[in-house]
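**Q** Please see the structure below; I have some questions.
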Amino acid sequence: MRLFLLCVSFIFLIEQGNYSASAGELASFIEKRPLVEKEELGNGPLTALAKGAIYIHQNFISNVYGVECTMEPSCSRYSYQAYSEYGFFIGTILTFDRLMHESDERYVSPVVFNKERRKYLIHDGIKNNTFWWQK
Amino acid sequence: MVMMLSLYNPCQASVLEEENQKAFIDYLFQKKYYSQAIIESERLLFNYPESRHKHYLLILIGDCYAFGGDEQTAHKKYQEFISENPDSPLLPTVYLRVGKLFADSRNYKAAISYFKKIPTNIFSSDNEIKKAKTWILLLTLLDEGANEAKGKSKELSLDNDNYIQDMFKSYDSLVFKSPKIAGTLSAILPGAGQLYLDRNRDALTAFILNGLFIWGIVESFDKGNTATGIILSVFEVGWYGGNIYSAVNGAYKHNRKLKDSFKNRMSIQLNIGANNATIPSLRLVYFFD
C-alpha cells in the first residue's frame, strides 16, 4: 500500500513538475523538509524530482501511517541518501533494490537498537549495499 | 615516638598504593567497567607518571575503548602508544591489537602490514610471532583466496601446522555464492537469483512486483493506454534493475557473512586481549649473524 502511494506521489510530482516547478523552486521546496539531516540537492532535475517524491512520502504519507520500516535508516532516508550520493540512475537502482531486499536482510546484516524509535532494527546503510564496488 | 617515625616508610606506602590501584584497575577491566577503568588508569598515571605499569596501562586504556565499542578512539590510543614509545617491549602486543582492529573492520591489507611488523621486532615472543603469522595467513585466505594463502603458508614455514591445516580444510568447506550466477539468473527470471541465494521471500517479492508491472505494461499497450504503459515501463526498469542488483548484492553479502563468521571462529584461538600484555621485564636476545 505504501509502495503504491509512493508511486502515486511520484506520478503526481511529475505532473506538478510539468506545470510549474522549476528545478530552483523545487530545490527551495525540498530544502524545508525536516526529516533528512544531510541537505544536498543537485545532480539534475530528475534527482530533484525523485527527492521531491520522497519529501511527499515522508511528510504526507509516512506522517499519517507512521514509520513502519524495519530497517535503519528507513527506506525513504536511505533513498534520499542514495540520490544525494550517487545521482538519479544509481540512486534509483539502490532504492528499488532496498524495497525488494527487506524481507530476508536480517540473515546477513547486523541488528541494532534504535534509541529514537526504541526498537531493534536491521542496520542496512548505503555502504552495506555498495561495499563490493566502492572501496 | 622517634622509633615509630623510623618505622614509617613513605616510599613503601607509595608502592603499595600504586599496586593496589593497578589491581583495582584490573578488577574493573575484568568486570567490564571500561569507563571506570580508563579513569582509574588516568588517575594512576597522573599520580605516578613514572609508574612501572605505565606502558601496560596505556595499552589497557586502548583496550577499554576497543572492548567498549569505540574502535576509533582505541586506534588513536594505540597509534599514540606506537609513536610515543617506539622502544617499548610491549610494542608487539600493540601491533597485534592494531592489526586485529583493522581485521575487524575488514581492512585486511592494513591489518597484514601491522602483523608483518611483529616478527621483525626484537621484543616479540614466539607466541606473538606465531599469532601474527597465523593472522597473516587467515587474512590472506579471506582476501586473496586459498591458493595464495597456501603459497604463503610455505613461505612462513607453517604448511605443516595442524591449526593451519584445519583452517584450510574449514575454509574449503564453505559454500560461497557466485554474484555472476545470481545476477544472470535474476536477469533471466526476476527472483531466480534471490532463490539461488536462499532469500525466498525476497525472491517472491521480486517475482511478483516484476510480474505485475510487466503484466500491467502489456495490458496497457494492448488496450491503447500508451501513457499508462510508459509510466509503468519507467517503474519496471527500476524494478528490473533493482532485482538484478539485489541478487548480485545479496551474493556479495552472503559471502561477506560467511567470511566474517569464519574469521570470528578462527580468531577465537588467536584471541588478543589485555591478558596478553605482560609487565615489562628484562629479556636476553641472541642474534646469530
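**Q** Suppose R0 equals 41 Å; then what is the FRET efficiency for A:Leu46 and B:Asp143 from their Cβ-Cβ distance, rounded to the nearest 0.05?
**A** Numbers: r = 38 Å, r/R0 = 0.93.
According to the calculation, E is roughly 0.60.
**Q** How shielded is A:107-119 by partner chains, expressed as the average number of their Cβ atoms within 10 Å of its Cβ atoms? Walk me through the numbers on the way to the answer.
**A** Working: counts 7, 12, 3, 0, 0, 0, 0, 0, 0, 0, 0, 0, 0.
Counting other chains' Cβ atoms within 10 Å and averaging over A:107-119 gives 2.
**Q** Here's a follow-up. Calculate the mean, over all residues of peptide A:87-94, of how many other protein chain Cβ atoms lie within 10 angstrom of the residue's Cβ. Intermediate values should be presented prior to the final figure.
**A** Numbers: counts 0, 0, 1, 2, 0, 6, 10, 5.
Counting Cβ atoms of other protein chains within 10 Å of each residue's Cβ and averaging gives 3.
**Q** For B:Lys154, give me every one of the lysines with a C-alpha distance below 22 angstrom, ignoring sequence neighbours fewer than eight places off in its own chain.
**A** Cross-link targets: B:Lys109, B:Lys116, B:Lys117, B:Lys130, B:Lys131, B:Lys133, B:Lys169, B:Lys263.
**Q** Now for a different question. Nearest 10 degrees, 0 to 90: what angle lies between the long axis of helix B:54-67 and the longest principal axis of chain B (Cα atoms)?
**A** 20 degrees
**Q** Another question, then. For chain B, with the dipole built from +1 on Lys and Arg beta-carbon atoms and -1 on Asp and Glu ones, taken about the Cα centre, which of B:His53, B:Ala247, B:Thr134 lies farthest toward the positive end?
**A** B:Ala247
**Q** Pairing the Cα long axis of helix B:10-30 with the longest principal axis of chain B, what angle in degrees results, from 0 to 90 and rounded to the nearest 10?
**A** 20 degrees
**Q** Regarding the range B:110-263, what's the average projected area of the Cα-atom convex hull, expressed in nm²?
**A** The directionally averaged projection comes out at 11.4 nm².
**Q** Identify the GluC sites (Glu not before Pro) of the range A:40-122 meeting these criteria: DSSP loop state and at most 11 other C-beta atoms within 10 Å of the C-beta. Intermediate values should be presented prior to the final figure.
**A** Details: sites: A:Glu40, A:Glu68, A:Glu85, A:Glu102, A:Glu105, A:Glu116; in loops: A:Glu40, A:Glu68, A:Glu102, A:Glu116.
Hits after loop and neighbour filter: A:Glu68, A:Glu116.
**Q** While we're on this one: Select from the range B:25-68 those GluC sites (Glu not before Pro) which occupy a DSSP coil region and have at most 10 other Cβ atoms within 10 Å, ordered by residue number. If you can, show how the numbers build up before the last one.
**A** Numbers: sites: B:Glu40, B:Glu42, B:Glu50; in loops: B:Glu50.
Taking the range B:25-68 and a limit of 10 other Cβ atoms within 10 Å, the loop GluC sites (Glu not before Pro) found are B:Glu50.
**Q** Moving on to the next point. Which distance in nm do the two modelled labels at B:Asn162 and B:Arg106 give, with both placed 7 Å along the Cα-to-Cβ direction?
**A** Result for the modelled spin labels: 3.4 nm.
**Q** Continuing with this model, one more query. Helix B:162-172 versus the longest principal axis of chain B: what angle, 0 to 90°, nearest 10, using Cα atoms?
**A** The angle comes out at about 20 degrees.
**Q** Scan the range A:82-122 for chymotrypsin sites (Phe, Trp or Tyr not before Pro) in coil per DSSP, keeping those whose Cβ has at most 15 other Cβ atoms within 10 Å, and list them by number.
**A** none
**Q** Applying 1/(1 + (r/R0)^6) with R0 = 30 Å to the Cβ-Cβ distance of B:Asn121 and B:Glu42, what FRET efficiency is obtained, to the nearest 0.05?
**A** For R0 = 30 Å, the calculated efficiency reads 0.65.
**Q** So, one more: Please find the FRET efficiency linking B:Asp260 to B:Thr226, where r is the Cβ-Cβ separation and R0 is fixed at 41 Å, and quote it to the nearest 0.05. Mind dumping the intermediate values first?
**A** Values: r = 50 Å, r/R0 = 1.21.
According to the calculation, E is roughly 0.25.
**Q** Further question: Report the full-extension gain for the segment B:Leu174 to B:Glu19: residue separation times 0.36 nm, less the Cα-Cα distance, to one decimal in nm. Present the calculation step by step, with values, prior to reporting the outcome.
**A** On the way: separation 155, 0.36 × 155 = 55.80 nm, distance 4.87 nm.
Result for the pair: 50.9 nm of gain on full extension.
**Q** Could I ask something else about it? When you count, for each residue, the other Cβ atoms within 10 Å and take the mean per peptide, how do B:184-197, B:230-243 rank with the highest first?
**A** On the way: B:184-197: 21.8, B:230-243: 19.1.
Per-residue Cβ counts within 10 Å, averaged per peptide and sorted highest first, yield B:184-197, B:230-243.
**Q** Counting partner chain Cβ atoms within 10 Å of every residue's Cβ in B:246-255, what's the average? Don't skip to the answer; put the middle values down first.
**A** Details: counts 9, 3, 3, 12, 8, 1, 6, 10, 2, 2.
If you average over the peptide's residues, the count of other-chain Cβ atoms is 6.
**Q** Let me ask you something else. Ordered by residue, what ³J(HN,Hα) values in Hz, to whole numbers, does the range B:84-97 give under the Karplus form 6.51 cos²θ - 1.76 cosθ + 1.60, where θ = phi - 60° and Gly and Pro are x?
**A** Taking θ as phi minus 60°, the curve returns 8, 10, x, 9, 6, x, 8, 4, x, 5, 6, 4, 4, 5 Hz for the range B:84-97.
Taken together, the values in this text are just the output of simple stated rules run on the coordinates, not laboratory data. Small disclaimer: the values here were computed from a predicted structure and weren't measured. In this analysis, Cβ positions are derived from the backbone assuming ideal geometry, glycine residues included, and neighbour counts consider all displayed protein chains.
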